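Here the structure is laid out as structure tokens; the discussion comes afterwards.
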Amino acid sequence: METLVQDDMKGESAIEDIPILQVMHLIKHFPVHGGIFLRKQGVVHAVDDVSFDVRKGQTLGLVGESGCGKTTLGRCIMGLYPLSGGSVKLHGQNITGATGKKLKSFRLRMQMIFQDPFESLNSRHTVGEILEEKYIIHNRLSNDIRGSGNSSSRRREIVKLLDRVGLSEQAITRFPHEFSGGQRQRIGIARAISLEPEVLICDEPVSALDVSVQSQILNLMLTLQKDMGLTSVFISHDLAVVRHVSDHIAVMYLGKIVEMADAGKIYDHPMHPYTKALLSAVPVADPKSTRERIILKGEVPSPLNPPEGCRFHTRCEYVMDICKHQEPRLEPSEAVILKYSSELLNSDNESLNVVKDSLDAVKDSLDIVKESLKYTGNSNSNSTHHLVACHLYHEKEVKR
Ligand SMILES: Nc1ncnc2c1ncn2[C@@H]1O[C@H](COP(=O)(O)OP(=O)(O)O)[C@@H](O)[C@H]1O
Ligand code: SF4
Ligand SMILES: [Mg+2]
């Protein structure tokens with residue numbers, strides 16, 4: 001996969017430094033009902049206080065194990081689920097709770113690509129009918145945006161669209177079941193881009209495909225993203241896939257983002273122990289690589305009853321008492337940094353090296369804060385806090 005995907009294309013797509021999509025403190029809880037009276041028995045904490053920005057033409061990769069809340073987050077952004085808290089902004093406009101015409105206009109500007117397009121493609125309709133439906137629903141053609149709105153102008157649009165995703169005109173009269181998995185995903189992509197959206201939410205779009213086909217589809221998506229200036233959220237459980245398409249990567253664990261950084265940086269210098277474990281499972285092409293696989297102990301706790309404090313503490317090899325009752329709060333601030341750096345300076349081994357290392361740790365932490373703030377654009381973001389606290393905890397542990 002590494003060699004097949006056009007690495008040089010990602011990043012070039014950054015057109016302007018404007019946050020097109022802003023997700024702010026998004027929360028989604030699902031009440032669980034049971035028993036003969038269907039009483040509320042609990043709450044699934046699927047997404048808990050997630051914040052990030054995606055800038056124009058950029059892709060945020062969202063990665064994490066199955067069940068950590070990726071699909072729920074994607075659906076919340078699309079307005080397919082009502083939010084339990086927080087908000088989503090498109091071009092600075094709050095789209096949370098939009099209805100009627102306003103919702104229709106947002107839907108026009110944001111589209112979703114699914115893992116299995118077969119499920120979302122109506123098997124009784126031909127590809128031509130499936131693609132035409134979008135034009136008709138949104139009434140674009142009849143508004144003279146692309147012609148007279150008659151069926152021959154729509155057909156011309158559909159032929160162009162098919163060509164754009166690498167399918168021939170003959171596809172128009174065929175049914176979804178007549179295509180391979182990769183071709184069906186091309187149809188799904190054609191449908192998603194047909195109305196020229198600004199934002200694409202891609203939910204595991206290549207997870208069901210063979211590795212060789214995955215690369216072709218990823219390359220297609222990179223090309224389209226570049227040509228159309230698309231802003232994307234690319235969801236996958238597979239860090240190797242996410243790496244090739246993303247400018248920035250957010251790592252999710254049990255409903256929360258635990259680390260967010262530039263794609264290259266997260267691979268070269270993962271900070272969070274969960275990111276390190278995920279990364280250690282990604283195959284490395286270099287036979288001389290000495291990277292060791294980190295096997296996490298225990299199971300992912302239930303989102304019905306997530307652990308207090310840091311949600312990762314039940315599986316973290318660096319866990320400390322504070323992690324069990326306090327979510328890493330980080331004022332990325334001087335306050336935290338000074339607190340830990342003064343502890344380091346006052347530790348038993350007061351050699352000059354310890355002082356120097358401590359100051360380096362503080363400097364690194366400040367760099368991380370600066371980096372994180374670049375993507376989140378939000379100094380209150382939990383992920384920024386988490387990352388820095390964690391980093392400092394580790395430095396503290398290591399130096400003792
Ligand atoms: N409609 C729903 N009702 C109740 N729980 C749900 C619903 N959708 C998802 N969940 C739960 O929310 C958590 C996150 O699910 P999901 O977003 O599908 O994770 P991922 O896409 O990362 O695999 C899971 O525990 C899942 O069982
Ligand atoms: S806050 Fe504590 S338990 Fe959580 S990841 Fe950091 S060190 Fe581990
Ligand atoms: Mg999912």
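Data table
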read-out	value
Residues of the range 181-199 that turn out to be within 19 Å of residue 118 (Cβ to Cβ) and either out of contact with any Gly (no Cβ under 9 Å at 6 or more places or on another chain) or in the same structural domain as residue 63 (by TED's automatic domain parsing) (or both), as a count	12
Qualifying residue in the range 185-208 (condition: at pLDDT 95 or above and of a type in the set (Lys, Arg))	yes
Candidates 248, 237, filtered to the one that is touching a residue at least 24 places away in the same chain (Cβ under 8 Å), in the same structural domain as residue 199 (by TED's automatic domain parsing) and in contact with a helix residue (DSSP H, G or I) (Cβ under 6 Å, 6 or more places away or on another chain)	248
Single residue of the range 324-347 satisfying the filter (at pLDDT 50 or above and under 19 Å from residue 251 (Cα atoms)) that is surrounded by the most Cβ atoms within 10 Å (Cβ to Cβ)	328
The listed residue being surrounded by fewer than 24 Cβ atoms within 10 Å (Cβ to Cβ), in the same structural domain as residue 77 (by TED's automatic domain parsing), free of Cβ contacts under 8 Å to residues at least 24 places away in the same chain and not aliphatic (A, V, I, L, M), out of 215, 207, 280	280
Which listed residue, of 249, 235, 193, 201, is farther than 20 Å from residue 279 by Cα and crowded, with 23+ Cβ neighbours inside 10 Å	201
Selected residue (only one of 76, 68 is free of Cβ contacts under 8 Å to residues at least 60 places away in the same chain, within 16 Å of ligand 3 (Cβ to nearest atom) and among the hydrophobic types (A, V, I, L, M, F, W, C))	76
Matching residues, the range 111-136, being closer than 18 Å to residue 235 by Cβ and of a type in the set (Val, Ile, Thr)	113
Those residues of the range 67-82 which are in contact with a Gly (Cβ under 8 Å, 6 or more places away or on another chain) and more than 7 Å from ligand 1 (Cβ to nearest atom), in sequence order	82
Candidates 20, 27, filtered to the one that is in the same structural domain as residue 199 (by TED's automatic domain parsing), in contact (Cβ under 8 Å) with a residue 60 or more places away in the chain and over 25 Å from residue 276 (Cα atoms)	20
Test result for residue 266, among the β-branched types (Val, Ile, Thr) and either surrounded by fewer than 23 Cβ atoms within 10 Å (Cβ to Cβ) or away from ligand 1 (no atom under 16 Å from the Cβ) (or both)	yes
Wholly enclosed helices (runs of 4 or more DSSP H) of the range 169-274 bearing at least 2 residues of a type outside the set (Phe, Trp, Tyr) and touching a Pro at 6+ places or on another chain (Cβ under 8 Å)	181-193, 211-228
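The values are calculated or read from the model by the stated rules, or taken from the named source; none is laboratory data. Since we're looking at a predicted model, the values are computed, not measured. Virtual Cβ from ideal backbone geometry, glycine too; neighbours counted across all protein chains shown.
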